[in-house]
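This report refers to the structure that appears directly beneath it.
The values are calculated or read from the model by the stated rules, or taken from the named source; none is laboratory data. Only a predicted model underlies this, so the values are computations on that prediction, with no experimental measurement involved. Note that we place each Cβ from the backbone using ideal geometry, even for glycine, and neighbour counts take in every protein chain shown.
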Amino acid sequence: MVKLNFAAIKEGHSCLELDVASVDIDLAEFIEFAYPVHIVHHLDKVSNEIYVKTTLSTSVNLECDVCLDSYKLDLRETIDTILTKDSELVDRGEEEVYLISDSTTEIDITDSIRQSLLLAIPYKKICRENCKGLCPICGVNFNHEQCTCANEKTDSRWEALKNITFENK
Ligand SMILES: [Zn+2]
Ligand SMILES: [Zn+2]
């Protein structure tokens, strides 16, 4: 779990850095991280409110939908969070807003981190801009090697032409 310890946050601006493993944010079975998620919180505490800008950086191992090669994708996401005692601020705007009270000691923000990373994974996974894919006949990966399947096809067509006899006497 990733929590913001409300009581420990100083008045004014402060930064907090931490690394979390995929199991800590319940993503181990969905995403294979190349290394732990690096989290940096930029905190601004003004009396009863805390504005948090959180950046998440990591790299994930994905499989290309076209050539089936595995590749790495760097992710860098930002989440804006507001912790406030003002109930009118809740559910307004694009930020994640959490209502806190005088007895709040910490806020669990695991869910918003989890969602942000899940949404960052592209629906269509492609290893490079011009992935050449696989040969439909022999299955070689055209990004790494060539095959002669296409040539052989042409050859056999020419072969067929050779057998045509013309009887136009
Ligand atoms: Zn590919
Ligand atoms: Zn081939």
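Per the listing 138, 127, the residue uniquely within 17 Å of the chain's Cα centre (by Cα) and not assigned by TED's automatic domain parsing to the domain that holds residue 30 is 127.
For the stretch 60-76, the set of residues classified as of a type in the set (D, E, K, R) and either within 12 Å of ligand 1 (Cβ to nearest atom) or crowded, with 16+ Cβ neighbours inside 10 Å (or both) consists of 63, 65, 69, listed by residue number.
Any chance the stretch 118-136 includes a residue that's in contact with a Lys or Arg (Cβ under 6 Å, 6 or more places away or on another chain), away from ligand 2 (no atom under 16 Å from the Cβ) and at pLDDT below 95? Lay out the reasoning, then the answer.
To start, the set of residues in the stretch 118-136 that are in contact with a Lys or Arg (Cβ under 6 Å, 6 or more places away or on another chain) comprises none.
No, the stretch 118-136 contains no residue that is in contact with a Lys or Arg (Cβ under 6 Å, 6 or more places away or on another chain), away from ligand 2 (no atom under 16 Å from the Cβ) and at pLDDT below 95.
The set of residues in the stretch 107-124 being touching a Leu at 6+ places or on another chain (Cβ under 9 Å) and exposed (fewer than 15 other Cβ atoms within 10 Å of the Cβ) consists of 108, 118, 121, 122. In the stretch 25-76, what count of residues is obtained for those that are aliphatic (A, V, I, L, M), in a loop (DSSP other than H, G, I, E, B) and touching a residue at least 12 places away in the same chain (Cβ under 8 Å)? So the count comes out to 4.
From the list 49, 32, the one residue that fits, being surrounded by 12 or more Cβ atoms within 10 Å (Cβ to Cβ), within 14 Å of the chain's Cα centre (by Cα) and modelled with pLDDT under 95, is 32. Screening the stretch 97-121 for residues that are in a loop (DSSP other than H, G, I, E, B) and in contact (Cβ under 8 Å) with a residue 60 or more places away in the chain and picking the one that is nearest to residue 62 (Cα to Cα) gives 121.
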